[in-house]
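Every number in this text was worked out from the coordinates using simple rules, so none of it is lab data. Nothing here was measured: the structure is a model prediction, and the numbers come from that model. FYI the Cβ positions are ideal-geometry reconstructions off the backbone, even for glycines, and counts take in every protein chain you see.
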Amino acid sequence: MQKISLGKTWAIAAVVAMGAQFAAVPATASETAAVFKFYCAQCHGLTGKGDGPNVTKDFPVSPRNFANAKEMDKLSDADLKNVIMDGGPSVSKSPMMPPWGKTLTVEQVDGLVKHLRGICKCKGKQG
Amino acid sequence: MRHLAVATIGAVFLIAASGAALAAGGDVFEAKGCGECHYTQGPAREKTIDDQLAKKGPELWYAGSKFQKKWLTDWLADPKPIRPMKFNDLMVENPADHPKLSGGDVAAVAGFLMGLTSDAVKAGKVKPKKNPKGRQIFIKKMPCSGCHQYAGRKGKIAGGRSGPSLVDAGLRLNPDWILAYLQQPKVFKPVKMMPVFVGLLSDKDMLNVARYVANFKPKKKKR
């Protein structure tokens, strides 16, 4: 078995410690609320009912009403994450839902999934 | 030799005069309180959503690269809403209460703002033209029209209301800025409500969108 010197061990420990220091921190509920209001509310509305200012009578689709637990329960958390990251077409929905994967961090998207579950008061499809 | 000296003095005088005009425009800008809502020194300062929301109006540190001088001059004298909604607000309609300038202040401030440029905008890259590929991306493939108004069929205004209107954007925006903004959004607006399309659209796609949007101009009336 190859021996690792004490110096190398310290170096590895230091790298691991630095990695932990810079590891992603989950977004807090208040940060996520701000993210939702800033990005999502344009179409989904401030309370998530699908009634943002972009939704005029000519808007080509109805943005999802996150308060509709029956519809939201059909989607798993992974489905929600996918559609936020990659946009509507990734789940055969409208391109009016933008891909936010180049704009938001993974932590912000995870926070949004939780936020949406809070609005629908539902757990979504499991497994 | 004598001619050279005269030419040199003339050039120095012109540079000094244009510098003085810019300074005068900057003075008017501050005196009129424009600086209370718009910042004019780059680079972009916003790092967080709160930073963006704290702003009362758009940043203008690259106004000379973004706008067309004629449009800007006309607009300063007679400002019309560009955004359907109030700046940084999703609930309140644009109150259309931007202050007007008059007399010599218009040209002075327009000159000052047109002197504020960004090296990130390369001249001569985008030629406005009818562009079916750009249209396809703008209306079908990507959600641009979901947030920006534009003139649809028969001139009917279509599109969403949360972003700046792009109706007649070809008169307002420098075509090369549109492309630079799509390609390097963080240079101009590090925190914005519009998605980042870098890595989602190719440079060619962005060029097509820029050409398409830069071609948004009023239809000439048939005689």
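Working note: Karplus 6.51/-1.76/1.60 with θ = phi - 60° gives the stretch A:96-106 the couplings 5, 7, x, x, 9, x, 9, 10, 9, 7, 4 Hz, where Gly and Pro are set to x. Measuring how big the stretch A:46-127 is from its alpha-carbon positions, Rg and Dmax come out at 12.4, 37 Å.
Give the shape of the stretch B:92-161 as rounded, prolate or oblate, defined through the alpha-carbon gyration tensor: a ≥ b ≥ c are the square roots of its eigenvalues, a/c under 1.5 means rounded, and otherwise the shape is prolate if a/b is larger than b/c and oblate if not. Show your work: numbers first, answer last.
Details: a/c = 2.53, a/b = 1.41, b/c = 1.79.
Oblate, because a/c is 1.5 or more while a/b does not exceed b/c.
What net charge do the residues around B:ASP176 carry, taking every other residue with its C-beta under 9 Å from that of B:ASP176, with Lys and Arg at +1 and Asp and Glu at -1? Once all neighbours under 9 Å are counted, the net charge is +2. Using r as the Cβ-Cβ distance of B:LYS122 and B:LYS154, and R0 as 56 Å, what FRET efficiency do you calculate, to the nearest 0.05? That gives a FRET efficiency of 0.95. For A:ASP77 and A:ASP51, the difference between the fully extended length at 0.36 nm per residue and the C-alpha to C-alpha distance is 7.1 nm.
The simple spin-label model puts a point 7 Å past each Cα toward its Cβ; for B:ASN88 and A:LYS114 those points are separated by 2.7 nm.
Placing +1 at every Lys and Arg Cβ and -1 at every Asp and Glu Cβ, with all other atoms neutral, what dipole size does chain B have around its Cα centre, in debye to the nearest 20? Don't skip to the answer; put the middle values down first.
Values: 38 positive and 18 negative charges, 373 e Å.
Dipole of chain B, to the nearest 20 debye: 1800 debye.
Which value in nm describes the separation of the simple spin-label points at A:GLU107 and B:SER202, placed 7 Å from the Cα toward the beta carbon? Taking the two extended label points, one gets 3.6 nm. Phi angles of the stretch A:57-69 translate, via the Karplus equation with coefficients 6.51, -1.76, 1.60 and θ = phi - 60°, into HN-Hα couplings of 5, 8, 4, x, 9, 9, x, 4, 8, 6, 7, 7, 4 Hz per residue; Gly and Pro are given as x. Whole-Hz Karplus values for the stretch A:71-80 come out as 6, 5, 5, 6, 10, 7, 4, 5, 4, 4 Hz, taken residue by residue from phi with 6.51 cos²θ - 1.76 cosθ + 1.60 and θ = phi - 60°; glycine and proline positions read x. Place a label point 7 angstrom from the Cα of A:THR28 along the Cα-to-Cβ direction, then list the residues of the stretch A:34-57 whose backbone nitrogen is under 14 Å away. The answer is A:34-35. Once the gyration tensor of the Cα atoms in the protein assembly as shown is diagonalised, the equivalent ellipsoid follows with semi-axes of 42, 30, 20 Å, ordered largest first. Over all other residues within a Cβ to Cβ distance under 14 Å of A:THR56, the charged ones net out to 0, with Lys and Arg as +1 and Asp and Glu as -1.
Considering all alpha-carbon pairs of chain B, what whole percent are spaced by more than 31 angstrom?
On the way: 6368 of 24753 pairs.
That tail contains 26 percent of the Cα-Cα pairs.
Around the amide H of B:PHE67, modelled in the peptide plane, lie the amide H atoms of B:ASN174, all under 5 Å away and 5 or more residues distant in sequence or on another chain. In this rough spin-label picture, where each label sits 7 Å from Cα along the Cβ direction, the B:LYS100-B:LEU53 distance is 3.5 nm. Summarising the amide proton neighbourhood of B:MET85: residues at separation of 5 or more, or on other chains, whose placed amide H is nearer than 5 Å comprise B:ASN94.
Looking only at other chains, what is the average number of their beta-carbon atoms within 10 angstrom of each beta-carbon in B:136-149? Write out the running numbers ahead of the final one.
Values: counts 0, 1, 0, 2, 4, 2, 6, 11, 3, 6, 14, 7, 1, 2.
Average per residue, whole number: 4.
If R0 is 45 Å, the Cβ-Cβ spacing of B:LYS141 and B:GLU36 corresponds to a FRET efficiency of close to 0.65.
Using the Cβ atoms and a cut-off under 10 Å, what net charge is assigned to the surroundings of A:ASP110, where Lys and Arg are +1 and Asp and Glu are -1? Residues close to A:ASP110 contribute a combined charge of 0.
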